[in-house]
Each structure stands twice: as structure tokens, then as C-alpha cells.
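Data block below; observations after.
FYI, it's all coordinate maths here, none of it is from the lab. Please read these numbers as outputs of a predicted model, since none were measured by experiment. Here Cβ is always computed from backbone atoms with ideal geometry, including for glycine, and neighbour counts include all displayed protein chains.
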Amino acid sequence: MTPGLTPLSTSGPPSARFVDSPETGGYVPPGVQALEQSLIDLIRRTSCDLPQDVRNALLSARSCESNDSLAASVFETIHRNVDLAWSKTRPICQDTGSILFYITAPASFDRAAFKRLAGKCVTAATAKGWLRPNSVDPITGRNDGTNVGPGTPTFYFEDGSEPVVTIKLVLKGGGCENVGAQYSLPDARLGADRNLDGCRKAVLDAVFQAQGKGCSPGVIGICIGGDRATGYEHSKTQFLRRLDDTNPDPTLRAFEEDILRSANELGIGPMGFGGKTTLLAAKACALNRLPASYFVTVSYMCWAFRRQGIVLDQTGHIAHWLY
Amino acid sequence: MNNPKPLQTPLNEERVRELHVGDRVVITGVIFTARDAVHKHLAAGGYLPPEADLRDGVIYHCGPVAVRGDDGRWQIVAAGPTTSCREEPYQAEIIRRFGVRAVIGKGGMGHKTLEALRQHGCVYLHAVGGAAQVLAECVTAVEDVWFLDEFGAPEAMWKLAVADFPAVVTMDANGNSFHELIRMGSQTALARVLHASE
């Protein structure tokens, strides 16, 4: 099948089959209900479970802290919390955060219909208590409880080269969102020039300024370059990477390793209680910049690193989980 | 590590002043959630229903996930702390005006709050951020809720009965802040890490 030319009514990805647009005259194609259930399952599992790579990172971090320390007691609470959340199907953290969907699909995928359906699923998951009503009008202060409004949830679409639909979801709490930072180099306060050493100073400053407020031990996503918008966007897409992956770029890989090692020497520790684990991982990417601009952008993800993903089969059901 | 110290609400000044940075505590009794909207409202002199009696009480920086059952009763299904530093502009005044004895949150607070803790006999207690299930397990009943329509469920003031709610004293009534200590230590470590690479 030619990518991007998926026919509407025959076999192929559910991309074009769950269309609930007015043009279909209220007819609900068979894939819609399946996709709806798949999206609700994705939200439920993302909110109530941690992916295996994150669980592994937390377990290995626990073993670095000395017994009887406050840091160790934080990890015990974390592990108990993760087990409880999954066994009770309840949110790991009450702040179910920004709802970020990352969709890769053929060009024929009906994005508008998907957004409507995803919004419906988000509202349904909110009623179930898997999401907190988090969408607040900044002017009136009104929270209508649906979790759907201007800018929420957030969708990032990408055209896939294969006729397959993958949907990834990140739930990012406000506490860690607030400690994200963007630096414009050179930065005189930090003595940070326009080079990797300057980036290092900026990133470590962000980790220092965050202290325990972003719910350490966290993971940081870093974007070197780009503009103010793409810097934050791409620093966040780093959270789609498995924590145990290796950066294919040897320079960025060495940078990530250095940041992780250096941050863990700061002694901030879990919850800012002191200890050896301030970060679980650091993930970096680079985007071309303008001659006039040199941004370094840091997004912080708390230990409650809620990220999942699904690949859909042709009927809109979950073919498999990604993490 | 020593066993946690039990705290029963309402608290009193003497009990609170005995607590020191690093002490682990467990709270039993009643706590009131209050976060950004309620703090701003109260600090500006806003109305607080008399039933929400904060005197010698405990404020919890928390926006819970609350679900209303078919019988109309509320259930708290997730209830970890939110970042406290956003309440720094308001907290000292609220401690003073209402006679609050303990504030539970995460991430610590600043000098103004630390001074209010010392002056009025109050402590800051740190709960584990993100531990929404472990902490929701300690909530035994939802006793009341205010400001639900005005501020929405996460920002409402919930009166919660709790049993053995765990926290650590990180700012005490004697002028000590664990957060300040960690910050200073990490500042020194950061200078060392940056210097080593030059």
C-alpha cells in the first residue's frame, strides 16, 4: 500500500475508518468504538501505571541510596505507591498534568475527527477519576471539569511512512512543568558561552534551580538550538525515548552521560531530601538555530514519568503496547 | 531511623515547637486542603466559612482527584502534595491570621514563611510528591468541601479525616530549613562540578 494513500473504506489502518465527521451523516463506522476503547485504555494505563523502563530506573536508583536514609524512605514510598496505583487502577499522581498526544499516522488520517474522539475519551476518563479536571480558563478561572478546551489536550501529529497508526501519550504534571527553563546563550550570569560547555552550565543550573520541586528524581529532556517554541517541543519529545536507550549521536550521548553524572553529584536527592539520585536520566537532541539565537531548553519530568503508547491494528484495537 | 512521631489534630504550640527538621511524623485527625486559589482568596481578606476552622489546624497543599459516587458522596481517589513555593506570597499571612499550626506540601517554602513558622509556632511538613495513592489511603473520610463551584475540584478546600498520614519536618518553628541546607550544599557541589571541567 502506498503510504499516505490509504483508501477510505477497504482494509488499511483505522486512520480513515473512524471518521465521525458530520459528512458521514451520523453513521459510526465499526472502527470508532474500538478506537474509543483503545484510547480510554491508553489513558487509564498511562495514568495508573509506570512503563517498565521507568520502573527499572527507579529500582536501580533505590539501590544507590544507603539504607535508613530519607532518600531510601522516599523510594520505598514511591514503590509502594506505584504498586497501589496499578492494583487499584487509580492515578499514580493526583496531578495528571498536561495531556500530550503524539500521533504518527498516514497523511490520510483524519486529524480533526481524531481530536474530537480523543477529547471525548479524555472527558470520559476524567469522569472515571483517571484524570483530574485540569483544564482551567486563565482569564475567568473557570474549570468546567471536562479537561477539554483551548490548547487541552495537546496533539502533535506526524506523517508516518508506513500505513500504521501509533499513538503515544505523556501525562506531565504541573510541578515539573514549572521547573522547566530556557536559556539564551551567551548567559553572563552563568558564564555560559555558545558551545557545549555553555549548554552544560545552563542545564546544570536548571537542575540546581529545580531542587526537589519538580519531584526528583526526575528525567530531563534537553534541546540545544531551535527557537523558543521548538526548543520546548523537542525537549519534551525526548520523553518519548526509553530511559535505557543510547543516543545515536556520540557527542550528544557523551553530553547526556556527563549531565546525568554531574547532576547526581549535586546531592539534591529524591524530593530534595539529599542523596545520590537527583536525576534518573538525561536525554538531549539538537536542532539547527538562527545565527542570532542559541537556546538551550530543559524540560523536567518528575519520577512519576507517565508515558505509554499503542500501535493500532486495522480495526482500531490495540495491536500492542509500545513501552 | 527512629519511629515517626504521632501528631493528633488539633495541634498546640508546645507540641509543634518540639518538632525538628528531619523528624518523621504521622498525622491523625482532620486536615484542610488549600492551594493557589484558596491562598490568594484568603490572603486578600476573602471569606472563610466558620466551619472551616483552621485554628491549631493543618493546611495541606493538595489538589486531589475527587469522584462523586451515585449516592452523592465524595471519594478522594488520589491526593499527593502540590508544590508549595507558589503559596509563598500568601502563606505567612494565612498562618498568622488563622493560627495554623502545620502546613503540609512539597518542595519547601521561602524565608517569609520560615519566619512566620518561627514567630507563630507552626511547622512545614513535607509529604512525598507523586505518592498520591499512599497518601489517599490515609484519607478515611471527606467531611466537607468549600469553594467547589468557584474554584473547581482541584482548587476547592476539602476537609479530610486522615489517619497516620506520613510526612517529614523540613522547616521547623525554630528557624531551621532543611531545604536551605540542601540548596547550599548543592550550590557548593555545583561549583565543584563546574570547576572540575575547566
With angles folded into 0 to 90 degrees, how steeply does helix A:52-62 sit against the dominant principal axis of chain A? Use alpha carbons for both and round to 10. 20
Descending semi-axes in Å of region A:205-307, equivalent ellipsoid built from Cα gyration tensor: 23, 14, 13
Is there a quick way to get the dipole size of the protein assembly as shown? I mean about its Cα centre, with the Cβ of Lys and Arg at +1 and of Asp and Glu at -1; what is the value in debye to the nearest 20? 200
Among B:124, B:163, A:282 the positive-end extreme of the charge dipole of the protein assembly as shown (Cβ point charges): A:282
Taking the beta-carbon count within 10 Å as an exposure proxy, list B:171, B:184, A:301 from fewest neighbours to most. B:184, B:171, A:301
Quick one: grab Rg to one decimal and Dmax as a whole number for region B:76-198, Cα atoms only, in Å. 17.0, 59
Under a Cβ-only charge scheme (Lys and Arg +1, Asp and Glu -1), can you give me the dipole magnitude of chain B about the Cα centre, in debye to the nearest 20? 480
What's the exposure ranking of A:35, B:54, A:287, going from fewest to most Cβ atoms within 10 Å? A:287, B:54, A:35
Distance from the Cα centre of region A:166-223 to that of region A:34-80, in angstrom? 22
Among B:65, B:26, B:174 - extreme Cα towards positive end, dipole of region B:5-196, charges at beta-carbon: B:174
Summarise the partner chain shielding of A:259-267 as one whole number: the mean count of Cβ atoms from other chains within 10 Å of each residue's Cβ. 4
Rounded to the nearest 500, what is the 222 nm mean residue ellipticity of the protein assembly as shown from helices alone, with -39500 (n - 2.57) per DSSP H run of 4+ residues and division by all residues? -10000 deg cm²/dmol
Neighbouring Cβ atoms within 10 Å as the yardstick, rank A:132, B:96 fewest first. B:96, A:132
Over 28 Å between alpha carbons, listed pairs A:115/A:213; A:128/A:276; B:106/B:159: A:115/A:213; A:128/A:276
Helix A:250-263 versus the longest principal axis of chain A: what is the Cα-based angle in degrees, 0 to 90, to the nearest 10? 60
Explain nothing, just the number: relative contact order of chain A, from Cα pairs under 8 Å at least 6 residues apart, as a whole percent. 25
Within 10 Å of each Cβ in peptide B:74-80, how many partner chain Cβ atoms are there on average? Round it to a whole number, please. 6
With every atom except the alpha carbons ignored, what do you get for Rg and Dmax of the protein assembly as shown, in angstroms? 23.6, 76
Taking chain A as the reference, fit the longest principal axis to its C-alpha atoms, fit the long axis of helix A:111-127 to the helix C-alpha atoms, and give the angle between the two in degrees, 0 to 90, nearest 10. 70
On a full-extension model of 0.36 nm per residue, what is the gain between residue B:111 and residue B:164, subtracting their alpha-carbon distance, rounded to one decimal in nm? 16.2 nm
